[in-house]
């Protein structure tokens, strides 16, 4: 039968076929009559399926050199998903004609409805470049600012980024964010200047004007990269030279010093340049794209110049002297057309002018002949000129081939991770040198990207994404064999015969109705199970091979390898069964891998193992992973550093079920939403109100839709957006309402507060902090949080020994603890800045008087000690003291924390308030019971009394509410200024 299809017989015999040749063949066979195409499907030659199967991709995944992990980043509506469709179409998964219309990776209905991407989706693609087979793990990410958290999850798993820029709109806010996060995460970026067709059809620029516009846009993109590079270098230099004595000198370094530092560092590979091959000129909607390399290869034979020369001169101020047949510099000075315009843009503009503008169909066959491409009769007769243009350009300059070739050439393989990036992934803000020796040894496993059985398994999960349980591969109906079809036909005939026989009989079995009802109920229950949602882990493996049946540790974000190794050496049980079974302070569970998936966009392909360097999915981890986690066969592996956050959930609403009986369903649904959404935050306030935090209105709408239709499946009531407030105090006014000076009054008296049992009394005052100090505390909140967590274990150990013998205690200072040089310098710099801020505000205090920060020991409020009690130093955590008040030190601090967490005005956190302890006395009660019981009672009374004293002092010092201000930058084109 194949003799009737000569195209099939010739193409199927040529085994070493380029992927785009096969895609072209698929394009041609779509012109066949439906009867012929149906015959091909019956013969098992369905050419409209995938180019390769999962087995082939799994085979290529064994070699890290053949793997490329790439994500697409851009501003919203700059063409990311259209580009992704073109890349997907190159593998025969969808038709080339549907690229940009199908939006294959946008699988959610609301994504299709709104026309924007709301989640990161991954697909594995096959490609041949220079006779070498590659597997491309492509991740399409959102461009809307509300879903910036999805961009963070995609970037962490990749080695390179495709930055897409609309040449008409230029650099937009999310373009800057994309460039910034790719630089911070250490990705190798490549640039795509998209929508060049708009310069021809909409703006109607001439080829020369378009070239000048492109050069200016490229300069703007490189300027952003230069800013990122310069700020990074200056920050590093400042940290290296910063200490207490030289901070002012560092701040006063002149521009020449910074310029010399920047000149000494090689940044040649940082910028985008067409001659380097990391820039692509495209029109994704029309299916074409090129780098100057393609035209250099083409014109090298026509013009007689070497390809190397053309690569250097096709972009830039070069022109071709037709008389001397030489390429000279100075095209702009001599009013000559640059080579890029003369050889490339003029031809493109002429093509659009002929097909789209003049709609001259008669010239299309001659154009196809000159370009050495073949068009079908259907393409030539098409009434839509854009469709004819796509048919010509997609064969002349196929977008997918140019893009993936650039990815294969410029993006590094997984085994080429830099040491700097590995150390940042492992240690985060902490210094790499402070990690245990067992942890530092894992760096070699990252560098080797070894898949052997001896290599430790290291996997990072960036997010959990939902999928319908019925769409999982194990729950889908599998194609039947011929024997199974025959058996089913025989069973159907027998069942039909039995049914006819029962109809002829006069009496029906009484149990038939019962059986049918039972069967119906079983089907309904099965349907309910099928609708249920499963969560799949979106992950990348950095070392080893993960197999189905492997036992690995699930390390939570707060996992500390130092503590875990200590527990293991002590013989303690270090791993729990699920997250619910975790003990306080423990962050390790153990799991047996049950399901592994190859991510193919909307589909999941089951696999049995995954080697190092690949992006994949893991099933059945709902009970072990909340949002992110690290999997490893060793507890010495640290939890990966936190994802780079581009968006903060600032929009808050209160939720409640429409019917009170559905409250538990709503809570269960919120747990799933909190797990599946990287940015959504769900918490229950002390009042019992359920609060949902989202990044914006669009993100909120998506969360509510998911909650109603997928997770909780109940009707819910949503409040108006909750405006967050802060409570503070202000200085006394200096003038009255008629602008007259107010006379100074006598100093306000502080109230004396006693505990309930009358064993302790103290005086607390409240006054506003200087604005510069408040901003400084907000800026360094993460550093304060790290300091408190780092010193907490030493505090506990010393407190235990304090009860036994106070005389033998030694103080723990910053220098004595295992703090990296980087963190130590950051702490010293912060202390110096804080001292300067207090001094400039006229406050005569020393940092040793600071008792604590709050709320949560890292907020913009200060507890100051002006009593004779030598408190536990926040900076050095001193314990050497025989003062009995030291036993109740934490009670005072906790009372302060409670007071700053919920102020007296509307139970909102306070900010910019300094609570000063003026007096603190403890009176020994001879009749009181001695021992821990008495100490515990007094500690509890003291905590409550301190909280109330802070609230009273707050109310006496002119309290105010602080309302939030939404700050944003508006970027517009220069042509709309003044309108």
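The values are calculated or read from the model by the stated rules, or taken from the named source; none is laboratory data. Since the structure is predicted, the reported quantities are computational estimates derived from the model, not experimental observations. Here Cβ is always computed from backbone atoms with ideal geometry, including for glycine, and neighbour counts include all displayed protein chains.
Summary table
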item: Within the range 542-599, considering residues that are at positive phi and out of contact with any strand residue (DSSP E or B) (no Cβ under 9 Å at 6 or more places or on another chain), the one modelled with the lowest pLDDT; result: 585
item: Options 831, 870, 844; residue that is in a loop (DSSP other than H, G, I, E, B), surrounded by fewer than 21 Cβ atoms within 10 Å (Cβ to Cβ) and touching a residue at least 12 places away in the same chain (Cβ under 8 Å); result: 870
item: In the range 318-336, the residues that are part of a loop (DSSP other than H, G, I, E, B) and in contact with a strand residue (DSSP E or B) (Cβ under 6 Å, 6 or more places away or on another chain); result: 331, 336
item: Some residue of the range 736-750 being modelled with pLDDT of 90 or more and buried (at least 18 other Cβ atoms within 10 Å of the Cβ); result: no
item: Residue list for the range 325-355, restricted to those being more than 20 Å from residue 215 (Cα to Cα) and surrounded by fewer than 17 Cβ atoms within 10 Å (Cβ to Cβ); result: 325, 326, 350, 353
item: The range 442-475, subset more than 22 Å from residue 676 (Cβ to Cβ) and free of Cβ contacts under 8 Å to residues at least 60 places away in the same chain, residue surrounded by the fewest Cβ atoms within 10 Å (Cβ to Cβ); result: 454
item: Residue in the range 492-504 that is surrounded by 10 or more Cβ atoms within 10 Å (Cβ to Cβ), within 55 Å of the chain's Cα centre (by Cα), farther than 30 Å from residue 673 by Cα and modelled with pLDDT of 80 or more present; result: yes
item: The range 568-593, residues that are part of a helix (DSSP H, G or I), more than 28 Å from the chain's Cα centre (by Cα) and in contact (Cβ under 8 Å) with a residue 12 or more places away in the chain; result: 568
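Each row is one residue, and each column tells you yes or no for (1) free of Cβ contacts under 8 Å to residues at least 24 places away in the same chain; (2) closer than 24 Å to residue 406 by Cβ; (3) not assigned by the TED database to the domain that holds residue 406.
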{"residue": "307", "(1), (2), (3)": "yes, yes, yes"}
{"residue": "343", "(1), (2), (3)": "no, yes, yes"}
{"residue": "360", "(1), (2), (3)": "yes, no, yes"}
{"residue": "367", "(1), (2), (3)": "no, no, yes"}
